[in-house]
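Report on the structure given below.
Just so you know, all these numbers are worked out from the coordinates, no wet-lab data involved. Not measured: the values here are computed from a predicted model. All Cβ positions, even for glycine, are placed from backbone atoms using ideal geometry, and neighbour counts span all protein chains on display.
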Amino acid sequence: MPNKPRILWADDEIDLLRPHILFLESKGYDVTSVTNGADAIEQVRTGRFDLVLLDEQMPGMGGLEALSGIKDLAADIPVVMITKSEEERIMEEALGGKISDYLTKPVNPSQVLLTCKRILDGRRIKSEAASQNYLQSFGQITSSLMNPLDHGDWVSLYEKLIRFDVDLGNDEGVRQVLDDQYLEANRAFSKYVEKLYPDWIAGVDTPPNRERPALSHEVVPKWVLPQLEKKKPVIFFVIDCMRLDQWFEFEQLLAPLFSMERSYHFSILPTATPYSRNSIFSGLLPVDLAAKYPRMWSDGEDDEHSRNRNEEELLNDLIKRKHLTARVRYDKLVSSKDGREFQQNVHDLLQADLSAVVVNFVDILAHSRSDSAVLKEIAPDERAYRALTRTWFEHSWLYQAFQQLAKSDCTVIVTTDHGAIRSLHGTKVIGDRETSTALRYKYGRNLKCDERHAIFVRNPEEYGLPSDHRSTNFIIAKEDYYFVYPTNYHQYLNKYRDTMQHGGVSLEEMILPVITMKPKR
């Protein structure tokens, strides 16, 4: 049988274990046996093994010494220690990750087989189970998409799709089915948002008698300011462009440190930093923000990102409007140097009543993937993009800052202003020379596009957006579409295809977590 999993078994009484070896071989494993630790190290040096079964007590070189030598040669190889007693140090080695498991003598064949299967075949078995579970759920999800869903239903459905996406292995057939269902879900979600969004902005509950979702401008009043009443420092993180699936990766690492309560808000439209993040910090819709701070809004007209220069001022004004008194600190972290300095002084946050921290790295990562052939090669799909984000976070100054805050008596709230979607379909747009340049939304006076692929906002105020001489109309892309002008159409279609974009209507951009975390200490 080709490509049999290879097991190395080291035990000074290996002859007595011959029935166990024959049993493993009958189950499809290729077993090599040695009688001492030195030979085990030499076998690992010269051959390839998928698993090592290592007796702890052998004459000469013992199991723990052999373990060290094996790990020096092949750090990733799983090792199962076989011991005569459940000594504390063996358990500590297991918990420390140096060994994958331990078995107590006398071992029986079924016990050994189960351990080998769990370690060597666990991922495949889990993937096959996930594929079967998803295919069983496929009809239920499809049926739910044909019925009216409220915002809570959409959150649950999106969570379910993410969980399946994370759990599925390399079964490309099932993955294609899931990808198609994601497209179907985003198509239905876009119709849902297009139908009800003006009512949400007007404050009207979604029929039949269901509440609308919390929107960007309600995040601070709903989740952040009430925490100030508890007289503990509140640290409010806004991680720019963080999707829900990326948060789930962060959550796994933070769960041992914090107790968490997860809620959700929907980003306002367009799902872009100048609109959604300003709304978070001001507690205002863009139409009200532009009216209250006309100079601030108009100053950013030629450079949309400059509209986010005043977040600290907006937050302080919001607190005053709510008749609260608080010492406020604000940090915007863009470069790695900013992050390292922040982490080194993170305990300074505890001197303020409310610390607001904007983290730009995830947004930078999304834009970098769009611009870099190397990053696109490293993260060619959603799974790899998630893994790349997790790798960054696990080794980041941000994770270290969270670890330090987990030792303090404070409340940490984490959210994001918008997500991003992998844009795979282009659609033509026509506009004049004053039309804005974003790929997932545009504003201008003479916009034309295929309205199957975009929401055409003829009255911006119905969408909570300002209207002036340069932004009479907005168009906001649906699903995974991006706008391309007819001039050099195919050149730009190919240039922007498969890039991470935001500004439009999709599950990935709009459904966003708000996590309230308390240190477990």
What number of residues in the stretch 118-139 are surrounded by 13 or more Cβ atoms within 10 Å (Cβ to Cβ), of a type in the set (A, V, I, L, M, F, W, C) and either more than 15 Å from LEU161 (Cα to Cα) or touching a strand residue (DSSP E or B) at 6+ places or on another chain (Cβ under 6 Å) (or both)? 3
Can you name every residue in the stretch 468-502 that is buried (at least 20 other Cβ atoms within 10 Å of the Cβ) and not in a strand (DSSP E or B)? SER471, GLU479, ASP480, HIS502
Across the stretch 420-442, the tally of residues that are charged (D, E, K, R) and within 31 Å of the chain's Cα centre (by Cα) stands at 4
Residue check for SER298: of a type in the set (Ser, Thr, Tyr) and closer than 25 Å to LEU398 by Cα: no
Any hit, the stretch 17-29, residues being in a strand (DSSP E or B) and either within 20 Å of ILE99 (Cβ to Cβ) or in contact with a Cys (Cβ under 6 Å, 6 or more places away or on another chain) (or both): no
Listed by first then second residue, the pairs whose first member lies in the stretch 139-150 and is in contact (Cβ under 8 Å) with a residue 60 or more places away in the chain, whose partner is β-branched (Val, Ile, Thr), with beta carbons under 9 Å and at least 6 positions apart or on separate chains, are ASP150/THR206
Do we find a residue being closer than 24 Å to TRP223 by Cα, exposed (fewer than 14 other Cβ atoms within 10 Å of the Cβ) and not small (Gly, Ala, Ser) anywhere in the stretch 350-367? yes
With the condition being more than 28 Å from THR415 (Cβ to Cβ), I'd like the helices (runs of 4 or more DSSP H) fully within the stretch 131-230 carrying at least 3 qualifying residues. 172-202
Here are LEU365, LEU318: which of them is in contact (Cβ under 8 Å) with a residue 24 or more places away in the chain, assigned to a helix (DSSP H, G or I) and over 23 Å from the mean Cα position of the chain (by Cα)? LEU318
